[in-house]
Amino acid sequence: MDTKTFIIAAVIKIALVVFIMLTGVAYTTWLERKLIGRIQNRWGPTRVGPFGLLQPLADGVKFILKEDLLPDYVHKGLFILAPMLALVMSLISIAVIPFGETITIAGHTTALQISGITHAGGGISDINIGLLIILGVTSIGVYGVALAGWSSNSKYSLLGSLRASAQMISYELALGLSLVGILLLSGTLSLREIVFSQSGNWVLGGHDTHVPHWFIFPQIVGFFIYLLAAYAETNRIPFDMPEAETELVAGYHTEYSSMKFAMFFMAEYVNMFTVACLATLLFFGGWHGPHLGFLPPIGQALLPVVYFAAKVFFFIFLYIWIRGTLPRFRYDQLMAFGWKFLLPLAIANIIVTSLIVAWGA
Amino acid sequence: MVPLSWYLILSGILFSLGVLGFLLKRNIITIFMSIELMLNAVNLSFVAFANYWHTHPVADKSIVPLSGQVFVFFVMVVAAAEAAVGLAIIIAVFRTRETLNVDRVNLLKL
Amino acid sequence: MVHQVLFIVFGLICVAGAINLLVQRHPISSALSLVVVMASLALIYLLLGAEFVAAIQVIVYAGAIMVLFVFVIMLLNAGAEERTRGSRMALIVGVPGVIILAGTVGWMLVSGSGRLGGVNLVGPSSFGETHAIARLLFKEFLLPFEITSVLILIAIMGAVVLGKREN
Amino acid sequence: MTKNLNLWVIPLLPLIGAAINGLFGRRFKNAMVSAVALLFTAASFGWAAWAVWTVWPGSGIALPHIETLGTWITAGTFSAPFGFYLDQLSMIMVLVVTGVGFLIHIYSVGYMAHEGGYYRFFAYLNLFMFFMLTLVLANNYLLMFVGWEGVGLASYLLIGFFFLKDSAADAGKKAFIVNRIGDFAFLIGMFLIIRHFGSLNYDAVFGKIAAGHFTPEAGWGIFTAIALCLMFGATGKSAQVPLYVWLPDAMEGPTPVSALIHAATMVTAGIYMIARSHAIFNLAPHALQIVAIIGCITAIFAATMGLAQTDIKRVLAYSTVSQLGYMFLACGVAAYSAGIFHLMTHAFFKALLFLGAGSVIHAVGGEQDMRRMGGLRKLIPVTFWVVTIATIAIAGIPPFAGFFSKDEILGAVFHSPYGGPVIWGIGVLTAGLTSFYMFRLWFMTFFGELKLGSVELGEEAHAAKAPAQAAHGAASHSHGHADDHSHGHGGVHESPWIMLAPLVILAVLSFVGGWVGVPQFMGGHNEIEQFLAPVMQSGPAVAGEAVSDKDATTSHAGEATPENTKEELFLAGTSVAAALIGLFFAYLFYYKSPELPDRITSKMHGIYMMVLHKYYVDEGYGAIFVKPLLALSTVVLWRGVDQGVIDGLVNGAGTASQGVGNELRQMQSGNIRSYAAWVAIGGAAIVAYMIWLGVTR
């Protein structure tokens, strides 16, 4: 693949993914409001469009048209930079996520992944350290929250951002360590190869168990650590201390309005998507699923994407479900949980996994 | 093809700027950041040399290929440890002296 | 060619960030300048083919250490730097010292650059691979590795002790 | 046939005792302290006796019996081992030291019962035993020197035992310093031995001499030098002219110490050393001559000084010096075995005399001035009788021990080319003087009437010890009293049996001790000389006049021709007559007509004062040596060198560094940025230096 094709393909892929992602985000808000409404025995949005389906568009228009307030005594540069940083960083991590194996359009075979490269020979390679890049970008994302709070020159914002950054640094550890088990099992940092290593079924004692070879089964502990840590990373209930309305008005984005607020909002939901994608890729076999031979070829081709989307949808649903179910932690409980429970548990998980891997080898 | 010396010069510039920062800045946190800058400058030359020895293999067994990258790793560990302890010290100093200006934290003398 | 251009671009960003670190009076601006320096250094590492190092550069330096700095700056609510004249020595002795240091080292490198070779953009090879580094780290450098883990542990405990409020 | 006797145990046992008492004795009861001290001393004596019994001539064990534990010092080709040497000479010495030492330990239990520092006393005493045994058992001069110095240390500690008294502390220092002078010469002698023999081991040194490595032309000068150095060392330890001055002052120590160290054992170390080195001395006729003259001078000199002393212990001290002079004289005429014989008998009777004197002092409550004594014969009969035996023995009246040994020496002197009739005459005169002052002591102490009421004396001592002591010291013209030994008993009383028992044993030995050396003309076999003969004849045949001397001394014992017998009888008779004359005059002056001495002293006032002041020797030494040395030290060494140069240098260095530091201190401003500046300029300097070195090329 020459450079021109590569650039064209990349641009197309980027545009497509960003579009899908932002649309997804918009409709996730709709989904969330609907579901929460149902959980709370309400209807949720119903007025705009059928089932309120146009509500996200209305919201978008509202964000764009509202006055973009810039309070006095804020650090202007950082105040503007912070939401952009948050959104950009959340979007960057999408770049390394593979949504499927490959797709062939008009004779061009390309990876269903922005950072995937198709070699001249037809082989596909993605970036070797995809997982590390996601972790790195996520950690950079903290700056958005931290700077937003600090630059607002408001005590609620500052407290919120202090909470947020402390929480994110703390849970980053557990998050990173929870994934080590996967790395030990798969032996690679490339997300694509991690998914490949989950193909097929588990074989125990020489015979097929008909259980898919997903890492959720050996890494159930790691999975739950990951899930909890990821919820904390994305500042979602039950770990949404940074924006706890009852305590801090709205936390770090108290002073934000209009599109800047929308950017934080989008960043949060994109992060939810990233977490959901990552959980799918790492623990649930990515785009692998039952082979359905009766579908037409186009269906066959899209099937992995559908599997992937379904799994991601499940995690998004889980997010919303938990939001509708669980109350918020107290802040000290949150820190104690992260440092005193999740972190030791993650280390224990690594030790046990590495012992098993070493024994198996 | 970029000459190795470019990397080293960049490293030297960054290091010198770090030293200058240490000399000229008054805020103890910024001074600390200058130290991190110096460490980063050194890391750059480590990586550059690692690459250099990778592309110019020598028979000398004492040069372990890639060891430059491993050293970067160690430098980072040390930097992390240093940051943790150093920032804790800064917080402790701030609690007692109510200032971050090193010119005002000068009691340790004869 | 691409290599050189990229190097120059990121190198200039690095230097600019470092200079900005010096010039800015507010510590948070300095911190962000340093983050920029580190990020562009990570990219330079990528140019050198050291992708693992680049990744941990971002994760550890930019994502952990610098966040810690920002966090502390926010916690202490540090204001802009005061312009005090606490040390004449720093100006009289230190700055000439730095200039001499930079000048001599620079002169050495420039005059000696002909004898040094160059570095290449490394394609997919074993150079920056995580496997290779891991193997080195857990074989040849196992003891230092373990010792650094002890160092980190001590640092954690030290930080906890120092940060604890006496009551 | 060799057998391991573990000779090292003999000196080690007292050391253990010393260590136990010295380290833990403070917490022990007195009974425990004495039990430890006596046990280890007795064990040492037992071991020594067993060892001697095992190697007794005829047992089949070759003598000398040498046991080497290991190397002590190695320097180049020279090496000194930890080795022990047992031959006839050291057998006698070790038995005398442990035996008499043990008896004196027993005595001390009673004598020191009421003194402070009881454990300290016994620790020192045991320490002394350790060093003395090391001295006599060593198989090389260096180890002997260790013992030599060690007994000096023990002596210093014990003289200064009552260290709260200035006079005792001063006497200790005097003894130590005077001994150092002799030790210096001894050291030089050892260096010469190393230089010329390459070893300090007895067997190596004497073996080389016996092998005839040295011809008169090649090396006799060096023998004279070595012998003179050793002799000078011996004059220090054995209190000979000119270094005798410390011994009378050493009486400041407790009386058992005077008996053990300053009469029976330590002071004889010089004699032992000369006898041990006889092979060297035999080859140095001039040195022998000097030894003889020094011994002779010391004997007569000290005897005259003893005449006028009124302090009972000082009389004995001068008597000791005088008797040591006899032994020196014996060595000087190459009659080593006679010297050792006298050493042994002297150890018995002089220890007995000191202990008896201690018993007397004990009885009268700390009084040492003989003028205040008198009539004690009835009050302390046991003491009286044992002192009587000892007095007769030292006076040289047969058949008591002193007669045989003294006669042996005088006979040898008469025949020796180094002696001759003149020196013999002086020896006989000394014998007479000895008899006189000893019986003077005897009469003054035990006859007549008690000058001071005993009750009054006791109370005085009890109520005000220190002033009384001071008054007594002034009255007796001495530097003070040796013992602070007033128990506060009422009345004169006999000593307890624990003190008397050793006295009785020593009295028996003083009586019979001489019988091992009955000369042949009296029908004896002179066993001691025959016993020692293998040691003393191990040297080579002495060339020239020394040969005839040897012939004379040995034939004196060997051939019993009638002519010889007559001559010997004449000599013996003369000395007995001298003793009896001395006895007569003492009787006349101090019993029959006690006013006579005062008349004589008033007539011969000048001489009397001179004798009383010990010929002003101490004052003379003070004027000739001490004052100039003190002045030199004060003006040149102290003010000039020490204060001017050394202190100047040190203080100058201090001031300079203070000044520099004061300037450099400015660098430490407390500001980390300035520190960083120094680091930066330092780094720049290093890089510049490296470029200058050419690292880049």
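We did not get these values from a lab; they are worked out from the coordinates using the rules stated. As the structure is a computational prediction, the values presented were derived from the model and not from experiment. Counting neighbours? That spans all protein chains shown, and the Cβs are built from the backbone with ideal geometry, glycine included.
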*What size of dipole, in debye to the nearest 20, comes out for the protein assembly as shown about its Cα centre when the only charges are +1 on Lys and Arg C-beta atoms and -1 on Asp and Glu C-beta atoms?*
3480
*Spin-label model distance (nm) - residue C:15 vs residue D:191, 7 Å beyond Cα toward Cβ*: 7.6
*List the equivalent ellipsoid semi-axes of region A:158-297 in whole Å, largest first, each obtained as the square root of 5λ for an eigenvalue λ of the Cα gyration tensor.*
37, 18, 11
*So what are the three principal axis dimensions of chain A from its Cα atoms, in whole Å, longest to shortest?*
66, 50, 45
*asked:* Please list, by residue number, everything in region A:162-186 whose backbone N is under 19 Å from a paramagnetic label point 7 Å out along Cα→Cβ of residue A:202.
replied: A:179-186
_Inter-label distance for residue D:49 and residue A:302, nm, one decimal - labels placed 7 Å from Cα along Cα-to-Cβ_ = 12.4
*asked:* Ratio of alpha-carbon Rg to the 2.2 N^0.38 Å globular estimate for region B:39-96, to two decimals, please.
replied: 1.61
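If R0 is 30 Å, what FRET efficiency do you get for residue D:617 and residue D:289 from their C-beta distance, rounded to 0.05? Walk me through the numbers on the way to the answer.
Working: r = 23 Å, r/R0 = 0.78.
Calculated value: 0.80.
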*What are the semi-axes of the equivalent ellipsoid for chain D, taken as the square roots of 5 times the Cα gyration tensor eigenvalues, largest first, in whole Å?*
49, 35, 26
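For a quick protection proxy, order the peptides D:632-640, D:264-272 by their average other-Cβ count within 10 Å, most packed first.
D:264-272, D:632-640
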*For region A:263-309, what's the radius of gyration and Dmax over Cα atoms, in angstrom?*
13.9, 44
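So what is the relative contact order of region D:1-283, in percent, for Cα pairs below 8 Å that sit 6 or more residues apart?
Relative CO of region D:1-283 lands at 19 percent.
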*Just the C-alpha atoms of region D:234-275: what Rg/Rh do they give, with Rh taken as the Kirkwood radius?*
0.98
_For a protection proxy built on the mean count of beta-carbon atoms within 10 angstrom, sort D:510-521, A:339-350, C:31-42 highest first, please._
C:31-42, D:510-521, A:339-350
*Viscosity 1.567 mPa s, temperature 4 °C: Stokes-Einstein D of region A:293-344 from its Kirkwood Cα radius, in µm² per second?*
90
*Average other protein chain Cβ within 10 Å of Cβ, residues B:37-46*: 4
*chain B - Debye-derived log10 I(q)/I(0), Cα point model, q = 0.10, 0.16, 0.17, 0.18 Å⁻¹*: -0.41, -0.81, -0.87, -0.92
*Order of A:198-204, D:61-67 by packing, highest average Cβ count within 10 Å first?*
D:61-67, A:198-204
*Report the calculated FRET efficiency for residue A:76 and residue A:12 (r = Cβ-Cβ distance, R0 = 45 Å), to the nearest 0.05.*
0.80
*Using the membrane-span-like helix rule (whole DSSP H runs, Cα extent along the own axis of at least 20 Å, mean Kyte-Doolittle hydropathy at least 1.6), which helices of chain D qualify?*
D:9-24, D:88-111, D:285-308, D:381-395, D:497-512
*lysines within cross-link reach of residue A:34: Cα-Cα under 25 Å, excluding same-chain residues under 8 positions apart?*
A:62, A:66, A:260, A:311
_Of D:638, D:604, D:255, farthest towards positive along the dipole that unit charges on Lys, Arg, Asp, Glu beta carbons give chain D_ = D:638
*Would you please calculate the Kirkwood hydrodynamic radius of chain C over all C-alpha pairs and express it in Å, rounded to one decimal?*
19.7
*Dipole magnitude of chain D about its Cα centre, charges +1 at Lys/Arg Cβ and -1 at Asp/Glu Cβ only, in debye to the nearest 20?*
1380
*Where in region A:75-105 is the amide nitrogen less than 20 Å from a point lying 7 Å along the Cα-to-Cβ axis of residue A:216?*
A:98-101
*Taking chain A as the reference, fit the longest principal axis to its C-alpha atoms, fit the long axis of helix A:155-178 to the helix C-alpha atoms, and give the angle between the two in degrees, 0 to 90, nearest 10.*
10
*Within a 10 angstrom radius of each residue's Cβ in C:32-39, how many Cβ atoms of other chains show up on average? Whole number is fine.*
4
*Percent of Cα-Cα distances greater than 29 Å, calculated over region D:1-283*: 34
*Would you work out which of D:97, D:575, B:27 lies farthest towards the positive end of the dipole of the protein assembly as shown? Charges go on Cβ: Lys and Arg +1, Asp and Glu -1.*
B:27
*Can you check how the C-alpha radius of gyration of region C:1-79 compares to 2.2 N^0.38 Å, as a plain ratio?*
1.18
_Degrees separating the helix A:130-151 axis from the principal Cα axis of chain A, which is the longest one_ = 0
*Per residue, how big is the convex hull around the C-alpha atoms of region D:618-693? Give it to me in cubic angstrom, could you?*
154
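Grab the beta carbon distance between residue B:59 and residue A:357, set R0 = 30 Å, and tell me the FRET efficiency rounded to 0.05.
With R0 = 30 Å, the Cβ-Cβ based efficiency is 0.25.
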*Work from the charge dipole of the protein assembly as shown (Cβ charges, +1 for Lys and Arg, -1 for Asp and Glu, about the Cα centre) and give the residue of A:281, D:333, A:129 farthest towards its positive end.*
A:281
*asked:* Calculate log10 I(q)/I(0) of the protein assembly as shown for q = 0.09 Å⁻¹, where I(q) comes from the Debye formula with a single equal point scatterer on each Cα and nothing for solvent.
replied: -1.04
*asked:* Angle check, please: helix B:67-97 long axis (alpha carbons) against the longest principal axis of chain B (alpha carbons), in degrees 0 to 90, nearest 10.
replied: 0
_P(r) weight above 15 Å for region D:98-171, C-alpha pairs, percent_ = 59
*asked:* At 0.692 mPa s and 37 °C, plugging the Kirkwood radius over alpha-carbon pairs of region D:16-79 into Stokes-Einstein gives what diffusion coefficient in µm²/s?
replied: 217
*Please give the average number of partner chain Cβ atoms lying within 10 Å of the Cβ of each residue in D:71-79, rounded to a whole number.*
0
*Compute log10 of I(q)/I(0) for region D:1-154 with the Debye formula, placing one identical point scatterer on every Cα and leaving out solvent, at q = 0.11, 0.18 Å⁻¹, to two decimals.*
-0.44, -1.01
_Can you list the DSSP H helices in chain C whose Cα atoms extend at least 18 Å along the helix axis and whose mean Kyte-Doolittle hydropathy is 1.6 or higher?_
C:2-23, C:27-47, C:95-112, C:142-163
